[in-house]
Amino acid sequence: MSNQSILITGGTGFLGSALAFKLLHAGKHVVVFGRSSDKIVRTFGDQVQAVSQISDLPDAGSFQAIVNLAGAGIFDQRWNDKRKQVLRSSRIQLTQQLVDWIAGSEQKPDVLLNGSAIGIYGEHGDEVLTEQSTQVVDFSQQLCADWEATALQAEALGVRVCLIRTGLVLGQDGGLLKRMLLPFRMGLGGRLGNGRQWMSWIHLQDWLALAQLMLENSTMQGAYNASAPAPVTNAEFSAALAAALNRPMLLPLPEIVLKPLLGEMSALILGSQRVLPKRLIDQGFEFQFPQLDLALQNLLN
């Protein structure tokens, strides 16, 4: 295995699989770690090496980089105590196992790119948030903070750690847009709650470019907001999506309906994070899709 190899955990997910294909296209050797080898083979055929046990991995120094995106889907099931435990353990326990594996390896990878989310800031209303903003504690915030803290242990082992605080990713084959398209195409879309909550989004292509840059640029370290420089309110997002599809916007879903329907998970939809990618802007990162109408036009045409 060449040290140009990259290990991706969560490599069959929406972001992980897109990144794996991009790295394969760039000529990298990709190893995908996941609970189901069958799913890895179904997704990639023989293009990647599939691994389903950490004990089956070689020395961590065999890899140039580790990309850790594993974690049970946040929106996949209604949250109860058991589900919340799954959301935590699927991220934090696996990350701890990876850090322990790196610690026990003779050689170390250059970089650990670890998943996180803008949920780390908690509920902030209209306040503009950067990487330095204070964090308001709730379940999502604690989940992200503990996940990041676990990954940052690798710094003490001499590994560069980048934390990618991902916003709402817009892509064709998954993520938020895929869930919203059907009702909006039927003319049944509308704002959620009062529509005033901020949505910090990013086009999949920009997210992939950013992840690749983090792997290659040895000066990048710590937390970065992976969101476009022009966040919008939910009402603005809904209107832009309806306009892009040439459909009316008929059915607002009020908070009184969403809360009983989704339970505690409704905080993800009704919560407000107005996030700016300050560190990326300072670094001169150029977004291919800085504005929502450009992103939607690209994805829907």
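What to note about this one:
- Cα-based helix-to-principal-axis angle, 14-25 vs the chain, degrees rounded to 10: 50
- Sorted on the mean count of surrounding Cβ atoms within 10 Å across their residues, most packed first, peptides 202-214, 110-122 read 110-122, 202-214.
- Relative contact order for the chain: 18 percent, from Cα pairs under 8 Å spaced at least 6 residues apart, divided by residue count.
- Hz values of 3J(HN,Hα) by residue in segment 93-110 - Karplus curve (6.51, -1.76, 1.60), Gly and Pro given as x: 5, 5, 4, 5, 4, 5, 4, 5, 5, 4, 4, x, 8, 5, 9, 10, x, 6
- The residues neighbouring R160, those whose beta-carbon lies less than 12 Å from its own, together hold a net charge of -2 under the Lys/Arg +1, Asp/Glu -1 convention.
- Spatial separation of Cα centroids for segment 264-279 and segment 100-127, in angstrom: 18
- DSSP assigns beta bridges within segment 146-229; of those with both partners inside it, close to 10 percent run antiparallel.
- Each Lys and Arg adds +1 at its Cβ and each Asp and Glu adds -1 at its Cβ; summed about the Cα centre, segment 82-133 shows a dipole of about 480 debye.
- Electrostatic dipole magnitude of the chain [Cβ: Lys, Arg +1; Asp, Glu -1; Cα centre; debye, to 20]: 840
- Relative protection proxy for 231-241, 78-88, from highest mean packing down: 231-241, 78-88 (other beta-carbon atoms within 10 angstrom).
- Highest mobility in the GNM of the chain, judged by mean-square fluctuation with C-alpha springs under 10 Å and restricted to G16, G284, G189, is found for G284.
- FRET efficiency for D173 and Q107, using Cβ-Cβ distance with R0 set to 41 Å, rounded to 0.05: 0.70
- Of all lysines in the structure, the ones whose alpha carbon falls short of 25 Å from that of K259, not counting any fewer than 8 places away in one chain, are K82, K84, K178.
- Annotation: aspartates and glutamates with alpha-carbon distance below 18 angstrom to K278 (same-chain offsets under eight excluded): D126, E127, E131, D206, E286.
- Gain on full stretching of the segment that runs from N298 to Q4 - 0.36 nm per residue minus C-alpha separation: 102.6 nm
- The chain: calculated mean residue ellipticity at 222 nm from DSSP helix runs of at least 4, using -39500 (n - 2.57): -12000 deg cm²/dmol
- Relative contact order (%) - criterion: Cα under 8 Å, at least six apart; region: segment 60-108: 61
- Approximate spin-label separation T134-R185, in nm, with each point projected 7 Å along Cα-to-Cβ: 4.5
Taken together, the values in this text are just the output of simple stated rules run on the coordinates, not laboratory data. Every value quoted in this text rests on a predicted model; they were computed, and no experiment measured them. For neighbour counting, all protein chains shown are included, and Cβ atoms are generated from backbone atoms with ideal geometry for every residue, glycine included.
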